[in-house]
Amino acid sequence: MPEYTPALSHFGVFVHDLDLMSKFYCDVFGMVVTDSGEGQTMPFTIAFLSGNPTQHHQLALATGRDPNQPSTVMQISFKISEIDNLREARQRALERGATQMRGLNHGNALSIYFADPEGNTVEVYLDTPWYVAQPHGEPLDLEKDDVEIWSETERICRADPTFKTVEEWQADFAKV
């Protein structure tokens with residue numbers, strides 16, 4: 001019998017304005033609408049978005065959010081690979097109506113957070129080679145150069161009593 005190892009594949013969010021939100025995620029994250037239409041078993045219109053040609057959709061946006069209902073999304077996270085990608089994501093998001101922009105250094109990740117045009121929290125992050133227990137958050141100043149950010153992050157991590165390398169954390173996780 002094969003090992004049971006589910007992998008999270010995609011995320012769905014109810015929205016007020018499907019066109020606005022589809023455009024925002026396409027423009028900020030380079031996603032494309034792979035399909036859209038009326039749900040056959042669900043009473044709303046759905047847009048399927050992906051930034052990966054091997055996945056039909058990574059994000060499903062659906063009409064039907066009550067106009068008076070605030071967002072209940074804790075966060076939608078996008079992983080990138082370079083600090084400059086954080087800077088670019090910040091610029092793209094702000095140019096397209098994002099608000100509440102802030103940077104956080106989690107030790108194990110460098111992140112920016114912002115609210116999309118409908119108030120859903122979005123995170124863009126990259127992993128670091130270190131681990132510290134979460135939640136952990138120091139301010140992240142993307143105006144600093146990359147060398148300074150990496151040095152500061154390593155210093156913060158090594159000062160934390162829960163510090164491990166990612167490899168050590170992964171080995172511990174594999175034992176669980």
Could you tell me the accessible area of Met31 in Å² (1.4 Å probe, neighbours in place), rounded to the nearest ten? 10 Å²
Among bridges DSSP assigns within segment 64-176, what percent are antiparallel (round to 5)? 80 percent
Return the whole-Å distance between the Cα centroid of segment 5-69 and the Cα centroid of segment 111-134. 20 Å
Give me the tail of P(r) for the chain as a percent: Cα-Cα pairs with distance above 26 Å. 40 percent
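Send over a whole-number figure in Å² for the accessible area per residue of segment 32-155, probe 1.4 Å.
Accessible area per residue, segment 32-155: 55 Å².
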Excluding residues fewer than 8 positions from Lys164 in its own chain, the aspartates and glutamates with Cα under 20 Å of it are Asp127, Glu138, Glu152, Glu154, Asp172
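Would you mind telling me the share, in percent, of accessible area of segment 1-44 contributed by carbon and sulfur at probe 1.4 angstrom? Could the numbers behind the result be given before it?
On the way: 1960 of 3370 Å².
Roughly 58 percent of what the probe reaches on segment 1-44 is carbon or sulfur.
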Roughly speaking, what is the stretch gain from Arg92 to Phe44, that is 0.36 nm per residue apart minus the C-alpha to C-alpha distance, in nm to one decimal? 14.4 nm
If you count, for each residue, the other Cβ atoms within 10 Å and average over each peptide, how do 46-54, 116-124 line up from highest to lowest? 116-124, 46-54
By accessible area (1.4 Å), largest first, Asp17, Asp84 order as Asp84, Asp17
Over the Cα atoms of segment 69-110, Rg to Rh with Kirkwood Rh, two decimal places? 0.99
Could you sort Tyr25, Tyr131 by their accessible area in this structure, using a 1.4 Å probe and putting the largest first? Tyr131, Tyr25
Considering only DSSP beta bridges where both residues belong to segment 1-114, give the percentage that are antiparallel (nearest 5). 75 percent
Once ligands and nucleic acids are excluded and a 1.4 Å probe is used, how much of Leu94 is accessible, expressed in Å² to the nearest 10? 90 Å²
So, in nm, how far is label Ser36 from label Ser151 when the simple model puts each one 7 Å beyond its Cα toward the Cβ? 4.8 nm
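The values are calculated or read from the model by the stated rules, or taken from the named source; none is laboratory data. If you're wondering where the values come from, they're calculated on a predicted model, not measured in any experiment. Note that each Cβ is placed from the backbone with ideal geometry, even for glycine, and that neighbours are counted across all protein chains shown. Remember, those area values only see protein heavy atoms, side chains included, never the ligands or the DNA or RNA. Shrake-Rupley method; radii C 1.70, N 1.55, O 1.52, S 1.80 Å.
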